Amino acid sequence: MEVCQMVRGAGGNWTRRLRSAADTGHSSWLQEVKSVEEECVLVRAHLATLPVPLVSEYIIFYAFQEFIKLIEHYYHHDPRPLISRIIDRQVHESVCINMLKAVILPCISKCDISVTYSSFVQELLIKFLYAIPNIKTLILPSLQRPRHVQLLVERIQILTHLENFSFHTCCTTETIIQLSKYCPHMKKISVQGSKRVDDGSVEHLLKMRNLLSLNIAETSISGNRYAALLPGLPEIRDVIWFRPIEPVLGNLTACLPSVVAFIGVISDAKLLVQKCPNITHLLLYSPSQDISDLGELKNVVSITIQNCSYTEIRFSDVIRRSGSTLENLVTVDVDNIHLDDVINYCTGLRSLCINYCHVTCTEMFHPELPHFQNLEKLKIIGNGGEITFCSVLHLYVNLTVLHFVGMKHITDAVISQIVKAGGFRNLTEFVIDHCGYVTVETAWLLMQNCPNLTKIGKFNSWHDINNQELVRFLNFVRRNNVCLTLHP
């Protein structure tokens, strides 16, 4: 962490000095550019002396993204009129290049520039791929300029160790061709939404027989060609398709035993079970038909359903037959969820997230039900219905993570009642965001009664937060060396 702070601090220091020098005058700016570039060499040399795992797995992970943002901001600060001349623009770009080169070392194993929005920095980083030929993971942003995509195509031949490639929206069939030629270790490709990836890429995807994950949803690859592709990838572990999957599955002559995850749209649950009998993870978008046949899946551990009616799709049948194996359940914009089913049948559930749903509950529950004993993470966001969860929260005795968002029923008084009833004793993370009347008193109460608590948030959305009270609380935390952070 000290080295990460040094790297981030160096970037901030360099850009501040360059701006300040630009305000002083042209000669001062040129002198500062020279000084910064000399320091870039020193930082790079220092990083090169550190153990490779420390640099590639930690320092870049923690510091690289922030460092890129600093350079993006500095480059677009445009200290005019100093860079009005071509030669000064070249100097301006050169110092940005050298600042980036200070932290781009050959040992880097992962390059994630997905949140890089500056066209200038995007181009720099793609050009610099030659300097990091050992990367195994490359995650790219949407590259809107054809020149940048062509630069990428030309650089792929260098990346012979690449295993994971993500390039949404702007990938091309030519990019896939290059990956099939020069990247023999490919395990994961995600090019979702790339309309320039078409049926011509299928023969080249088939050459990458080690692929475990392939996301070509919303590309120009047809359902018929996807059906031809899936059986030719013996290790493939997921089916990701946002159009109706039935035409694809219907064209398969055999099942896909290696597939363990499905993400997409279904109307014939029985067909999915027949063709992908070993599914463990499901993410279903807007199911509208009866999906009760999914209960035949024997190994499902995670289900996410979005934008549907719990009763119309007969999700109760799925829960009753598969609930004992479920570890993670996420519902988003689902009507008429029967919480009774979840509590009674999801006995080994570890994580439950209910977002913008209508929830009903008709039973009183025994406090020692396995569901209450085993759940560790609970996130409730903007829900309606007859149940507010307040009546059962104290029963979740082993919760470690609890998030409430937009739940007006969650107040100081409710939290106090739950704590007094023995709830929240094992919490490590507690987040309340735009809920009911919650004040600093809740923070005091949680700190005093939850010995494992390390995070409280989002206190900026709480009611009646008095700065003086907040400062008093924070000072107490610091003086008593309490391992607790407050997130705004």
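Of all the residues in segment 414-448, those that are open to solvent by 60 Å² or more (accessible area, probe 1.4 Å) and either modelled with pLDDT of 95 or more or of a type in the set (D, E, K, R) (or both) number 3. Yes or no: Glu38 within 20 Å of Lys101 (Cβ to Cβ), assigned to a helix (DSSP H, G or I), modelled with pLDDT under 90 and not polar (S, T, N, Q)? Against the criterion (within 20 Å of Lys101 (Cβ to Cβ), assigned to a helix (DSSP H, G or I), modelled with pLDDT under 90 and not polar (S, T, N, Q)), Glu38 does not qualify.
Where helices (runs of 4 or more DSSP H) sit wholly within segment 313-410, those with at least 1 residues that are β-branched (Val, Ile, Thr) occupy 315-322, 339-345. When segment 349-398 is limited to residues that are open to solvent by 20 Å² or more (accessible area, probe 1.4 Å) and of a type in the set (Phe, Trp, Tyr), the one that is nearest to Phe430 (Cα to Cα) turns out to be Tyr356.
Yes/no per residue for (1) of a type in the set (A, V, I, L, M, F, W, C); (2) open to solvent by less than 20 Å² (accessible area, probe 1.4 Å); (3) touching a residue at least 60 places away in the same chain (Cβ under 8 Å); (4) outside any loop (DSSP other than H, G, I, E, B):
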site: Ile126; (1), (2), (3), (4): yes, yes, no, yes
site: Pro133; (1), (2), (3), (4): no, no, no, no
site: Gln150; (1), (2), (3), (4): no, no, no, yes
site: Leu162; (1), (2), (3), (4): yes, yes, no, no
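Quick check, is Ser194 open to solvent by less than 10 Å² (accessible area, probe 1.4 Å), of a type in the set (S, T, N, Q) and assigned to a helix (DSSP H, G or I)? It is false that Ser194 is open to solvent by less than 10 Å² (accessible area, probe 1.4 Å), of a type in the set (S, T, N, Q) and assigned to a helix (DSSP H, G or I). From Ser94, Ser118, grab the single residue that is surrounded by fewer than 17 Cβ atoms within 10 Å (Cβ to Cβ) and of a type in the set (Ser, Thr, Tyr). None of the others qualify; the one that does is Ser94. Could you grab me the full set of residues in segment 81-124 that are outside any loop (DSSP other than H, G, I, E, B) and charged (D, E, K, R)? Residues satisfying the conditions are Asp88, Arg89, Glu93, Lys101, Lys110, Asp112, Glu123.
The values are calculated or read from the model by the stated rules, or taken from the named source; none is laboratory data. Being a predicted model, the structure only gives us computed values, none of them experimental. Glycine also receives a Cβ, built like all others from the backbone with ideal geometry; neighbour counts cover every protein chain displayed. We work out accessible area using only protein heavy atoms, side chains counted, and drop any ligands, DNA or RNA first. Shrake-Rupley method; radii C 1.70, N 1.55, O 1.52, S 1.80 Å.
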